[in-house]
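Read through the structure below, which is laid out as structure tokens, and then see the notes.
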Amino acid sequence: MRPARAAVDAAWRPPHAPEFEVLAREDGIIAVYFTAMASPCELLLEATDVHAAGQLGSAAAQEAWRIETKFSRYRPESIVSVINRSQGSAVAVDLETAALIDYAARCHSLSQGRFDITSGVLRRCWKFDGSDRVPNPDAVAALLPLIGFEKVLWQAPLITLPAGMEIDFGGIGKEYAVDRVLALVAEQFAGAVLVNFGGDLATNRAPAAGPWQVGVERPDTEGQARLLLELRRGGLATSGDTHRFLLRDGVRYSHILDVRTGWPVPAVPRSVTVAAGSCVEAGILATFAMLQGSAAESFLIEQGVQHWCLR
Amino acid sequence: MQLKRPVSQLHLGLMAASCALLSSTARAQTADANQPPQIDQPLQIDADLLYYKENAGRVQTIEPIVSLKKDFGDQRVLDGTFTLDSLSGATPNGAIPAHQPQTFASPSSSSLTPKPGAKTTLYTIAPGDLPQDPHFKERRVAGDLDWSQPLGLDNTLSYGGHLSTEHDFDSVAAHAGLSHDFNEKNTTLSAGVSEEYDRIHAHGGNPVPGSDYALYEKEPNQTKTVAGGLIGVTQVLSRNWLTELNYTYDRSQGYLTDPYRILSVVDATGLVASYRYENRPDTRARQSLYWVNKVALGSTVLDLSYRRGKDSWDVGSDTVDARLRIDLGHRVYLEPHARWYRQSAADFYSLYLSETGPAPVFMSADPRLAAFSATTFGAKLGMTAGRNGEFSLRLEQYQQRPTEQSSSLTALQGLNLNPNLKATIVQLSYHLEY
């Protein structure tokens, strides 16, 4: 039997998303594809009703776009941009933003300051485009006074960022969106659901036919060394620097930066994949492991989590 | 795969944090599948109460202003303002003080001399005092509505209207503007046009400009129009410095005379011989160049601007304005404000007219057209109130010092013909965002 490609009803098709697609697969899974947060996104449903699945897919895409619009640092109207433009004045944030900032604050403290949502200003001198353009050490040092979550005054609902500092939810946002979309779809749908945003994924349970077969892309190998996993419940996240590094005089500069020096953490693994209870939790564990550099593996073993590390 | 290990303290902490994040936001909002993406689009409400009081029993105003701003998303914003102000007190009528008592009629009187059956309200000014009409009372209701929206990718279109009405003055205005962002939104070019139509129907009728006060000649309603344009550029110079340069031009045409202002006509010794209604040219073209800089110095923000104005009546002006916003803790800020202003007199301005010289066509003794300098000093104290509110109190002192205040004529010796003006401004504001 050929996979049937469902015609999507125009009444609920998001008009600004030409790549929104619904596909009924042969294995009894209906897949919905769309693009959000610069990633290919996939929603897999253990379902037979293509129309209902499409509506769930539409809701999922709307939620992903909502989160992207609200938290993207590239969008001038996002709350992150409002905070970054506040020039030292206090900004009152809503409950959802407050929860994300709370989360970032706890991760900052649990990582002893290594994980820091104010580190994005380093992007001004570090452009990880695969070239050999390593920045001038003075330029990097000049940015350090603008980094450090401890300089941020956070007393919910008010956040006060010293002028010149910036925050972003890179490293949290996409994983958060995966868990949110899963919760949203699972609320309205009884079957098994898997949400996959560019390799960061989460599921509520395995379909009746057996666990989800998940292929994890590994860097540098372009699909050759795809990691095949079976996932029954929980989240899976991968942190890696496939196309995001600088190479100069044989030294590989990873995009994982040490906020204390402004320079890349040495000996970072090419890729770390972690399985945990949620995508958010898996993502932060993978990020923490990368920040450990050469100690990534021992760190992950200490945490007692399932992980796959590639060097 | 590794051996199963007990969960570490750090992992427990991360699990707890992740659970807190996902559960708090799940409660915070249950998304509806059929709803469009929701972004916070707050409704902003501003309520202001402005109190302005001049010294020596002169004008005072109380002005409540309510402004609503609604963001409909995609940068489409509707902004409406409603103003109600009531003005009372004494206002100078343009005549100079004298060593003799002077008697005038309030504008609403039907003649200068009491007649049976006709309403006449007279007021007498004591020797040495500045002639002021003590019966001045005005109430103004005004409304503004503005809409702005994106047009294409990097343009913003805005347009709006204004309506205001008083007992003796009605005004209708409309404006439209277009701004274009480029250079990664670091540069904005803007241009705008505006058109205003006013109707002047003074209490007791509009006096015939330049006529003898004693004749009490009045005309029917008069009108004036104001057409203007603006071009400007805003440039982000660095992360901490934004600069903006604007040029505006406007041209007023029609009845520009103040219907309540008169001038004293004195003889060769300086004794008041008669009074005349003022008369202004019926066109006025104004240009101004405005340069403002906003500079962030740490958590302190400096707002520094300079304006150069010039008009076809020869009134040239310079304004320097500085504000500094200083955070005192994260809930309270203080904003000291200083402003310095200077202007030259209109070419037809004079303190009084002389009986002996040739009679000018255009004439006015309005202190606002005199040469003067003025300073404003004050401060605003703001504090956050509740979750999304801000409360502020502004206190300012204004002082205006006319350049020319006396005359060498014998009968005018020892008189301050155009006294200094002092005013106090108190403004209470409350800003709320939903």
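Can you tell me the FRET efficiency between residue B:165 and residue A:38 if r is taken as the Cβ-Cβ distance and R0 is 56 Å, rounded to the nearest 0.05? It comes out at approximately 0.55. Which entries in A:151/B:380; B:69/B:422; B:70/B:422; B:53/B:294; B:53/B:224 show an alpha-carbon gap greater than 32 Å? Correct reply: B:69/B:422; B:70/B:422.
GNM on chain A, alpha-carbon springs under 10 angstrom: the most fluctuating residue among A:57, A:173, A:250 is A:250.
By how many nm would the segment from residue B:100 to residue B:377 grow when fully extended, if each residue of separation counts as 0.36 nm and the alpha-carbon distance is taken off?
On the way: separation 277, 0.36 × 277 = 99.72 nm, distance 3.71 nm.
Result: 96.0 nm gained on full extension.
Cα gyration tensor of segment B:344-434, axes a ≥ b ≥ c as square roots of the eigenvalues: rounded (a/c below 1.5), prolate (a/b > b/c) or oblate? Since a/c reaches 1.5 and a/b is larger than b/c, the shape of segment B:344-434 is classed as prolate.
What shape does segment A:211-311 have by the C-alpha gyration tensor, where a ≥ b ≥ c are the square roots of the eigenvalues, rounded means a/c under 1.5, and otherwise prolate means a/b greater than b/c and oblate the rest? Judged from the Cα gyration tensor, segment A:211-311 comes out oblate (a/c at least 1.5, b/c at or above a/b).
Taking Cα pairs under 8 Å and at least six residues apart, what relative contact order does segment A:211-311 come out at, in percent?
Working: 184 pairs, mean separation 25.6, N = 101.
25 percent.
With 10 angstrom as the radius, rank A:273, A:238, B:376 by how many other C-beta atoms surround their C-beta, starting from the fewest. Walk me through the intermediate numbers first.
Details: A:273 26, A:238 23, B:376 17.
Sorted ascending by nearby Cβ count, the order is B:376, A:238, A:273.
Only Cα pairs under 8 Å and 6+ residues apart enter the sum, and on that basis the relative contact order of chain B stands at 12 percent.
Within 10 Å of each Cβ of A:86-94, how many other protein chain Cβ atoms are there on average? If you can, show how the numbers build up before the last one.
Details: counts 1, 11, 11, 9, 7, 0, 8, 2, 7.
Partner Cβ neighbours, averaged per residue: 6.
Quick one, could you list the DSSP H helices from chain A stretching 30 Å or more along their long axis (Cα atoms) with average Kyte-Doolittle hydropathy of 1.6 or above?
Details: long enough: A:50-71 (31 Å, -0.12).
Once both thresholds are applied, nothing remains.
With a 10 Å cut-off between alpha carbons and a GNM built on chain A, which of A:300, A:122, A:110 moves the most? Maximum among the listed residues: A:110. Counts of other chain beta carbons within 10 angstrom of each beta carbon in peptide A:72-85 average 1.
Mean per-residue shielding of peptide A:56-65 is 3, counting Cβ atoms of other chains within 10 Å of each Cβ. Multiplying the residue separation of residue B:302 and residue B:413 by 0.36 nm and subtracting their alpha-carbon distance yields 35.3 nm. Each of residue A:311 and residue A:77 was given a label point 7 Å from its Cα along the Cα-to-Cβ line. The distance between the two points is 4.9 nm.
Taking amide H atoms as placed 1.01 Å from N in the peptide plane, the amide H of residue B:403 lies under 5 Å from those of B:371, B:372, B:373, each 5 or more residues away in sequence or on another chain.
Of the residues A:281, A:63, A:26, the one that moves most in a GNM of chain A with alpha-carbon contacts below 10 Å is A:26.
Here, each number is a calculation from the coordinates, and none is a lab measurement. Being a predicted model, the structure only gives us computed values, none of them experimental. Positions of Cβ are backbone-derived with ideal geometry, glycine not excepted, and every protein chain shown enters the neighbour counts.
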